[in-house]
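Down below is the structure, laid out as structure tokens.
The values are calculated or read from the model by the stated rules, or taken from the named source; none is laboratory data. If you're wondering where the values come from, they're calculated on a predicted model, not measured in any experiment. Cβ atoms come from the backbone with ideal geometry, glycine included; neighbour counts cover every protein chain shown. Calculation scope for accessible area: heavy atoms of the full protein, side chains included, ligands and nucleic acids excluded. Shrake-Rupley method; radii C 1.70, N 1.55, O 1.52, S 1.80 Å.
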Amino acid sequence: MSESAHASATHGHPGHGEGETRRDFLALAATAFAGAGAACALWPFIDSMNPAADTLALSTTDVDISPIAEGMRVTVKWRGRPVFIDHRTKKQIDEARAVNISELRDPAKDEDRAQKAEWLVMVGVCTHLGCIPLGQKQGDPTGDFGGWFCPCHGSHYDTSGRIRKGPAPLNLPVPPYKFLTDTSVSIG
Amino acid sequence: MSTTSNAPKKNGIVEWIDYRLPIFTFMNHELREYPTPKNLNYWWNFGSLAGIVLVVMILSGIFLAMNYTAHVDYAFVSVERIMRDVNYGWLLRYIHMNGASMFFLVVYIHIFRGLYYGSYKPPREILWWLGLVILILMMATAFLGYVLPWGQMSFWGATVITNLFSAIPLVGEPIVTWLWGGFSVDNPTLNRFFSLHYLLPFVIVGVVMLHLVALHTHGSNNPLGIDTKKNPKDSIPFHPYYTVKDMFGLGVFLVIYAGFVFFAPNFFGEPVNYVPANPLQTPSEIVPEWYLLPFYAILRSVPDKLAGVIAMFGAIFILFLLPWLDSSKVRSATFRPIYKQLFWIFLADCLVLGWCGAQHPEGAPLLIGRLATAYYFLHFIVLLPLVSKFEKPRPLPESISTPVLKTEKA
Ligand code: HEM
Ligand code: FES
């Protein structure tokens with residue numbers, strides 16, 4: 001671009017330096033402007049691929065937790081993905097709280113992961129590559145730490161849903177949720 | 001068809017058109033006269049075979065699309081309808097399904113041909129790159145297409161592969177959400193995958209054209225790996241010699257391809273993909289299609305998420321550097337005693353990786369996978385540069401015609 005401007009400028013004013021810089025400047029400015037414009041025009045196309053308004057609108061789920069007995073785990077669907085609701089036993093809570101935080105890959109206190117100690121609410125999607133860990137159903141493998149086990153590439157989660165072994169980098173995420181009453185949770 | 005001269009037939013209409021749009025001159029030049037080394041063996045059939053399979057894929061795909069519905073509630077049943085109710089729908093689908101496997105088989109052979117005979121060396125580096133771009137586009141297209149029937153493996157394969165991008169620091173999560181158009185693989189994902197699966201093969205056609213322009217600029221390499229431009233006796237016109245050879249190869253290939261389509265149509269498939277997608281249940285084992293297994297094995301060999309993803313993509317991208325990693329002036333492995341052995345070990349290594357990719361990643365398969373992954377990179381980063389420096393190649397013949405005269409075969 002600047003080269004052709006250069007060539008034509010030398011043609012127009014043989015031996016003149018002035019016209020050259022002026023034309024170079026105009027050419028550069030015009031190119032930069034057009035480039036920026038093109039980049040801006042690209043954005044609507046890219047953004048159209050992001051979640052649409054109706055997809056975003058579907059983003060809370062209310063769950064009645066009264067039928068979930070102690071020691072039972074239930075899966076509900078939130079934003080197209082599973083959320084694990086675990087009514088933990090005393091033993092599971094104690095195990096989760098006895099761990100030395102500094103030894104964890106993704107250090108987090110169990111107290112910070114569960115609003116009420118007996119209720120653990122997490123997105124049930126392995127933080128490695130998105131499989132659903134096993135452990136929700138009776139008889140499922142629960143891994144070396146009694147929590148969940150992801151069969152895809154072998155990640156083990158503990159009774160607080162924290163990653164303890166395997167390729168996953170992070171703990172199972174805790175979604176935003178609040179207790180509407182003692183027996184009802186709103187996720188999202 | 002019995003013409004021995006390569007001049008195009010005179011024909012008024014043809015000449016009228018050609019004067020205005022020299023399409024006939026062009027085709028005559030590139031497909032008839034095109035000077036080709038006279039010693040090409042059957043490994044040189046696979047380029048044109050790949051081109052033909054690409055056409056078969058596009059054709060069968062267009063007709064499938066006429067009956068396919070890209071919606072999470074209908075995708076699976078629309079495919080079953082194609083299989084049961086649409087006239088010859090089963091044939092179209094089996095052609096397309098097995099065609100993908102055939103495409104990769106042919107292209108992998110084509111690539112290993114290039115590795116053996118040094119076809120990536122100067123002046124064919126860009127030709128090689130364009131081939132790799134085609135390979136990457138093919139992988140993307142095949143992955144997108146595999147999602148469309150919306151079976152369990154479609155869904156979970158899509159989930160695992162799109163999640164690879166979440167390994168990117170900082171922007172990983174937003175990128176994955178953007179790819180999905182939601183918070184998981186769902187209807188928006190299926191829709192865009194269909195759109196892109198339709199688009200990419202035509203992009204491949206474009207890159208294949210460039211691949212051929214680059215090929216025809218310096219001509220084909222050959223089993224001896226020497227330049228054939230010097231001696232006019234080394235080249236023969238493409239037509240009829242190689243058109244005939246390519247057609248013969250095509251016949252053999254079609255017998256094999258049809259064998260799968262008609263007698264073992266689900267040989268390459270996964271039975272779980274005949275179970276409709278269930279976003280709340282991961283199948284006990286997630287395995288990609290066979291042609292992606294070596295890369296999947298590399299991914300799983302590395303215990304760290306980001307490093308695993310980098311290794312997997314690196315395994316392909318390192319091939320772009322091959323012309324510089326292997327600096328030997330001699331192209332063909334025929335004259336490179338050590339490289340020739342490395343080639344076979346490397347091929348075996350890729351097969352071992354493929355086997356590991358299909359196993360449960362624990363115990364012996366995991367260990368073997370790790371060793372094979374290490375060797376894969378060792379081959380490119382350490383062995384090739386060293387061997388190309390220190391290996392003493394055997395003397396090269398002057399031209400294709402000379403070794404025939406003073407034969408001394410090893
Ligand atoms: C759709 C896929 C492809 C098509 C249709 C295609 C087509 C062709 C054709 C027709 C030829 C000439 C005939 C021959 O030498 O076999 C050729 C040559 C070549 N291709 Fe491809 N190709 C494809 C993919 C690839 C890939 C993935 C690579 C490697 C990464 C590659 C690398 C080469 C090289 C290096 C040559 C020159 C070979 C030589 O003359 O020795 N191609 N290709
Ligand atoms: S997706 Fe869970 S371990 Fe890989």
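Express the carbon and sulfur contribution to the solvent-accessible surface of the protein assembly as shown as a percent, rounded to the nearest whole number, probe 1.4 angstrom.
68
Suppose every Lys and Arg Cβ carries +1 and every Asp and Glu Cβ carries -1, with no other charges. What dipole size does chain A come out with about its Cα centre, to the nearest 20 debye?
440
Per 0.36 nm of contour for each residue apart, how much would the distance between B:Ile318 and B:Lys229 grow if the chain were fully extended, relative to their Cα-Cα spacing? All intermediate terms of the calculation are to be shown ahead of the outcome.
On the way: separation 89, 0.36 × 89 = 32.04 nm, distance 3.05 nm.
This chain segment gains 29.0 nm when fully extended.
In segment B:36-72, which chymotrypsin sites (Phe, Trp or Tyr not before Pro) fall in coil by DSSP and have 10 or fewer other Cβ atoms within 10 Å? Intermediate results must be reported in sequence, preceding the final value.
On the way: sites: B:Tyr42, B:Trp43, B:Trp44, B:Phe46, B:Phe63, B:Tyr68; in loops: B:Tyr68.
Passing sites in segment B:36-72 do not exist.
May I ask you to derive the FRET efficiency for A:Asp144 and A:Lys77 from their Cβ-Cβ distance with R0 = 25 Å, giving the value to the nearest 0.05?
The formula returns an efficiency of 0.30 here.
For chains A and B, what's the summed buried accessible area, probe 1.4 Å, to the nearest 100 square angstrom?
Interface area, both chains combined: 2300 Å², rounded to the nearest 100.
Write down Rg/Rh for segment B:1-144, rounded to two decimals, with Rg from the C-alpha atoms and Rh from the Kirkwood relation over Cα pairs.
Checking Rg against Rh, the ratio lands at 1.09.
Using 7 Å Cα-to-Cβ label points, what is the B:Ser401/B:Asn187 separation (nm, one decimal)?
7.1
Need the list of aspartates and glutamates near B:Lys121 for cross-linking: C-alpha distance under 18 angstrom, and skip anything on the same chain fewer than eight residues off.
Within the straight-line limit of under 18 Å, B:Lys121 reaches these aspartates and glutamates: B:Asp227, B:Asp326, B:Glu391.
Given charges of +1 on the Cβ of Lys and Arg and -1 on the Cβ of Asp and Glu, with all other atoms neutral, how large is the dipole of segment B:300-369 about its Cα centre, in debye to the nearest 20?
Numbers: 6 positive and 4 negative charges, 68 e Å.
The dipole magnitude comes to about 320 debye.
If we count GluC sites (Glu not before Pro) as exposed when they sit in a DSSP loop and have at most 14 other beta carbons within 10 Å, what is the longest stretch of chain B that avoids them all? Intermediate results must be reported in sequence, preceding the final value.
Working: sites that count: B:Glu285, B:Glu362, B:Glu398, B:Glu408.
Longest run free of exposed loop sites: B:1-284.
Using a 1.4 angstrom probe on protein heavy atoms only, which residues from segment B:296-324 are buried by at least 40 Å² of accessible area when all chains are present rather than their own chain alone?
Residues shielded by partner chains are B:Lys305.
Rolling a 1.4 angstrom probe over the protein heavy atoms, how many square angstrom per residue are accessible across the protein assembly as shown?
51
Which of B:Ile175, B:Val72, B:Leu224 sits farthest toward the positive end of the charge dipole of segment B:39-286, with +1 on the Cβ of Lys and Arg and -1 on the Cβ of Asp and Glu?
Selected residue: B:Leu224.
Short version: which residues of segment A:36-63 lose at least 10 Å² of accessible area, all chains versus chain alone, 1.4 Å probe?
In segment A:36-63, residues shielded by partner chains: A:Ile46, A:Met49, A:Asn50, A:Pro51, A:Thr55, A:Leu56.
Take the Cα pairs of chain B, get the Kirkwood Rh, then feed it into Stokes-Einstein at 4 °C and 1.567 mPa s and tell me D in µm²/s.
My calculation gives 55 µm²/s for D.
About the Cα centre of chain B, what is the dipole size in debye to 20, counting +1 per Lys and Arg Cβ and -1 per Asp and Glu Cβ, all else neutral?
Values: 28 positive and 23 negative charges, 306 e Å.
The calculation lands at about 1460 debye.
Could you work out how much longer the chain between B:Thr25 and B:Asn87 gets when fully extended? Use 0.36 nm per residue separation minus the Cα distance between them, nm to one decimal. Please report the intermediate quantities before stating the final value.
Details: separation 62, 0.36 × 62 = 22.32 nm, distance 4.15 nm.
Extra length available between B:Thr25 and B:Asn87 comes to 18.2 nm.
Based on DSSP H runs of at least 4 residues, each adding -39500 (n - 2.57), what is the mean residue ellipticity at 222 nm of chain B after dividing by all its residues, to the nearest 500 deg cm²/dmol?
-20000 deg cm²/dmol, from helical runs alone.
Please name which of B:Ser154, A:Leu28, B:Tyr339 has its Cα lying farthest along the dipole of the protein assembly as shown towards the positive end, using unit charges on Cβ (Lys, Arg +1; Asp, Glu -1) and the Cα centre as origin.
Going by the charge dipole, the pick is B:Tyr339.
Can you list the residues of segment A:143-182 whose accessible area drops by at least 50 Å² going from the chain on its own to the full set of protein chains, with a 1.4 Å probe?
Buried by 50 Å² or more upon assembly, which counts only protein chains, are A:Pro151, A:Cys152, A:His153.
Any idea what angle helix B:46-65 forms with the longest principal axis of chain B, computed on alpha-carbon atoms, 0 to 90 degrees, nearest 10?
40
For the protein assembly as shown, what is the convex hull volume of its Cα atoms per residue in Å³?
Per residue, the Cα convex hull of the protein assembly as shown comes to 252 Å³.
For the pair B:Asp304 and A:Glu111, what calculated FRET efficiency results from E = 1/(1 + (r/R0)^6), where r is the Cβ-Cβ distance and R0 = 25 Å, to the nearest 0.05?
Efficiency, rounded to the nearest 0.05: 0.30.
Quick one: helix B:89-117 against the long Cα principal axis of chain B, what's the angle to the nearest 10°, folded into 0 to 90?
In chain B, helix B:89-117 runs at an angle near 50 degrees to the longest axis.
Among A:Lys77/A:Lys116; B:Lys305/B:Lys389; B:Lys245/B:Lys389; B:Lys230/B:Lys389, which pairs are too far apart, with a Cα-Cα distance over 31 Å?
With Cα atoms farther than 31 Å apart: B:Lys305/B:Lys389; B:Lys245/B:Lys389.
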